[in-house]
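None of the figures in this text is laboratory data; all of them are computed from the coordinates on show. Note that the structure is a prediction, hence the values are computed from the model and not measured. FYI the Cβ positions are ideal-geometry reconstructions off the backbone, even for glycines, and counts take in every protein chain you see.
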Amino acid sequence: MKGFIFSEFLELAEEKFGYAFVDNMVEETSSSGVYTSISTYQVEELVEMVVYISRKKNIPVPDLLIAFGHFLFPRFVKSFPLFFDENQHLFGFLGILHEIIHVEVQKLYPGALTPKVILSDEGERLVLSYESPRKLAFFAKGMLEAAIKHFNEDIEIEMVMVNEDGSKVDFNLLKKS
């Protein structure tokens, strides 16, 4: 996983819990506390920090991952504005996510392992299938919720765990209006 994700996670943790807490977390986990955006790190290191926060702050891991998705999506918008047309809508954005955006991410960050995302139009709903060996389905849910907010859409999300470990999930997206 690219260092950009780790740096942003530490920034979120510091914003929510303070520098001293993050310093203790770095000391008590295998985190180095320093990440470069282009370097690649093991996802287990991020998971260890999430579990640390969960244990110390009594916040469920899924809630932390969703919150991180909410935090990170606007930062992607700011860092990569070319992918976010102001006239775009959520379903249009999701349509280019895997085939265009993930390809560009891999060009910008060689070695980046992006999740597999497949869209299926099932009439009154769109199904986004997420698959990743990193098992960060709740992070993906947070990103989706933040995207819905960004595009100012009224869409309901239903998360269906295809694999209980979070490696494969279907998100049913239903427009309310």
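Taking amide H atoms as placed 1.01 Å from N in the peptide plane, the amide H of Glu153 has no partner under 5 Å among residues 5 or more positions away or on other chains. Counting only alpha carbon atoms, the long axis of helix 61-79 and the longest principal axis of the chain meet at about 70°.
Cβ crowding within 10 Å, taken as a proxy for footprinting-reagent exposure, orders Lys135, Lys56 from fewest neighbours to most as Lys56, Lys135. Lys and Arg at +1, Asp and Glu at -1: add these up for the other residues within a Cβ distance under 9 Å of Arg75 and post the number. Local charge sum for Arg75: -1.
Among Met49, Met159, sorting on how many other beta-carbon atoms sit within 10 Å of each Cβ, with the fewest leading, yields Met159, Met49.
Angle of helix 43-57 to the longest C-alpha principal axis of the chain, folded into 0 to 90 degrees and rounded to 10: 70°.
Here the scattering of the chain is modelled by Debye summation over its C-alpha atoms, one equal scatterer each and no solvent; at q = 0.14 Å⁻¹ the log10 of I(q)/I(0) is -0.78.
Here the spin labels are modelled as points 7 Å beyond Cα on the Cα-Cβ line, and at Lys16 and Val77 they lie 1.9 nm apart. Relative to the longest principal axis of the Cα atoms of the chain, the long axis of helix 3-17 lies at roughly 70 degrees.
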